[in-house]
Structures are given as structure tokens and as C-alpha cells.
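Colleague: Would you mind keeping the following structure in view while I ask a few things?
The values are calculated or read from the model by the stated rules, or taken from the named source; none is laboratory data. All figures in this text were calculated on a predicted structure; none of them were measured in a lab. Cβ placement follows ideal geometry from the backbone for every residue including glycine, while neighbour counts extend to all protein chains displayed. Accessible surface is based on the protein model in full, side chains and every heavy atom, while ligands, DNA and RNA are left aside. Shrake-Rupley method; radii C 1.70, N 1.55, O 1.52, S 1.80 Å.
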Amino acid sequence: MTIAVLGATGMVGSRVVAEARARGHRVLALARKPSSDDPYVTAVAVDAGDPQALRASLTGSAARPAADAVVVALRTEPVDQEFLVGATRAVLAIAGPLGVPVLVVGGAGALRSPANPQLLVADDPTYVPPAIRAVAAAGIAQLHACRADARGPWAYLCPPAQLNPGERTGRYRRGTDTLLTDADGASWISAEDLSVAVLDEVENPGPEHLFTIAAGPVEPSAG
């Protein structure tokens with residue numbers, strides 16, 4: 001496959017690129033300042049806020065192939081909800097009519113709280129303190145943008161409450177609309193294992209539009 005990764009230089013996007021290449025896929029690495037020495041990774045400088053540039057990047061040309069799937073792994077600092085939603089809508093508008101599936105790596109805020117299913121994680125201070133509530137709200141708006149677009153296949157992946165660089169174990173648990181926690185109440189995964197889940201979904205899409213993941217069970221130590 002040729003997989004376009006929008007936000008290819010970020011924490012998540014860069015690991016999705018690496019995982020895709022490890023599995024033998026070609027990658028279109030879309031970012032403001034992308035670079036790669038891998039002949040099977042095409043670095044495409046693009047502003048995610050420019051719909052025309054996105055269209056040119058995703059639909060291919062004589063110089064590069066069109067995308068068979070798109071992974072949206074955008075983050076802004078500080079959070080810019082308008083930009084995030086606008087870029088997501090633009091990708092859906094381009095990919096949908098072509099039948100190209102879109103996987104959006106969003107936020108945990110759109111999930112239900114495991115302690116109170118009537119409460120979204122975004123509204124649960126256990127997981128989302130006031131300082132990052134705007135980030136959670138932007139993720140929910142991004143999900144709403146996906147749900148409002150019926151032109152093509154899409155899925156929205158909610159990471160757990162904590163997502164940081166770490167180890168690739170290749171293991172993770174998959175859930176639907178409720179935040180996953182471990183026996184100690186923690187909700188986390190490494191960015192490396194999240195990228196494993198991303199590529200699994202791209203290669204073999206599941207039945208849900210909205211799903212979540214968390215770190216897999218810890219294997220018992222020898223002896």
C-alpha cells in the first residue's frame with residue numbers, strides 16, 4: 001500500500017511512518033518540513049491548512065503515487081481547534097469520493113469515563129484537568145467533523161489518557177467507546193505500540209468508526 005501520513009514529523013506520525021515502512025508499505029510523509037533518506041518514503045512539504053495542497057499531495061501525480069489510505073496524526077501547540085477540524089474536513093472531502101479510507105488519530109476526550117459511562121473523559125477531571133480541557137474539546141470537535149461526513153470510509157482512534165514515547169512491544173488491547181484502564185486504574189500506551197494499532201487498522205479495518213486502545217497485558221517474567 002501507499003499510506004499518506006499527515007503530521008509525519010510529530011511524535012505519533014513519525015512512528016506511524018516507521019511502522020509502515022517496517023511492514024513494507026510505501027509512505028507519503030506529509031508535513032511542513034518533512035525529510036527522509038528512505039527511497040520508499042516520499043517527503044511532501046504541505047500546509048495542512050491548504051486544501052488545494054492537500055488534494056495535490058493525496059491524489060498523486062507523475063512523480064508520486066496516490067494514497068491508498070490516509071492517517072491523520074495532527075497536533076498543534078498551543079491547541080488550534082479550527083485548524084485541526086478544518087484539516088480533517090479537507091482530508092475527508094478529498095479522500096471520501098475516491099473511496100480512500102481515512103484513519104484519524106484523535107484524543108481520549110471523546111471516550112466515556114470508565115467510572116461513569118454518562119460522563120465523557122473530557123468532562124472527568126480524573127483524566128482531563130482544566131489546563132488541557134481545550135485539547136480534549138478539540139478532539140471531540142474533530143470526531144464530530146468525521147461523523148458529519150458520509151462520503152467515504154473513516155475511523156477515529158482514541159488513544160488512552162497517557163501517550164508517550166516508549167517501547168514497541170507489539171501488544172495492545174482494543175476497546176470501543178470507553179476509556180481502557182489497567183488493574184491499577186492507569187490508562188496508557190507507548191507511541192510505538194499505538195503505531196502498531198494504527199497499521200493493524202489500516203491493513204485490516206475493524207467494524208467500528210470509533211475505537212480505542214491501551215497497553216497490552218504485561219507478560220510474566222521468567223522464573
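Colleague: Exactly one condition in (1) free of Cβ contacts under 8 Å to residues at least 60 places away in the same chain; (2) open to solvent by 60 Å² or more (accessible area, probe 1.4 Å) is not met by Ala155; state its number.
Modeller: (2)
Colleague: Here's something else I'd like to know. Of all residues being closer than 19 Å to Ala95 by Cβ and in contact with a strand residue (DSSP E or B) (Cβ under 7 Å, 6 or more places away or on another chain) in the stretch 35-60, which is surrounded by the most Cβ atoms within 10 Å (Cβ to Cβ)? Just the residue, please.
Modeller: Across the stretch 35-60, the extreme among qualifying residues is Ser57.
Colleague: Among (1) under 18 Å from the mean Cα position of the chain (by Cα); (2) under 23 Å from Ile213 (Cβ atoms), where does Leu120 come up short?
Modeller: Among (1) under 18 Å from the mean Cα position of the chain (by Cα); (2) under 23 Å from Ile213 (Cβ atoms), Leu120 violates only (1).
Colleague: Next up: Consider Gly170 against the criteria (1) modelled with pLDDT of 95 or more; (2) at negative phi; (3) loosely packed, with under 15 Cβ neighbours inside 10 Å: it satisfies all of them except one. Which criterion is unmet?
Modeller: So Gly170 meets the others, but not (2).
Colleague: How many residues, within the stretch 9-26, are open to solvent by less than 10 Å² (accessible area, probe 1.4 Å) and either within 25 Å of Glu77 (Cα to Cα) or among the basic types (Lys, Arg) (or both)?
Modeller: Just the residues of the stretch 9-26 that are open to solvent by less than 10 Å² (accessible area, probe 1.4 Å), to begin with: 13, 16, 20.
Then drop every residue that is not either within 25 Å of Glu77 (Cα to Cα) or among the basic types (Lys, Arg) (or both), which leaves 13, 16.
Summing the residues that are open to solvent by less than 10 Å² (accessible area, probe 1.4 Å) and either within 25 Å of Glu77 (Cα to Cα) or among the basic types (Lys, Arg) (or both) in the stretch 9-26 gives 2.
Colleague: Moving on to the next point. I'm trying to understand the selection: among the residues of the stretch 183-196, which are more than 20 Å from Ala155 (Cα to Cα) and in contact with a Phe, Trp or Tyr (Cβ under 8 Å, 6 or more places away or on another chain)?
Modeller: Ser187 - this is the single residue of the stretch 183-196 that is more than 20 Å from Ala155 (Cα to Cα) and in contact with a Phe, Trp or Tyr (Cβ under 8 Å, 6 or more places away or on another chain).
Colleague: Within the stretch 67-78, how many residues are within 16 Å of the chain's Cα centre (by Cα) and more than 19 Å from Thr42 (Cα to Cα)?
Modeller: 2
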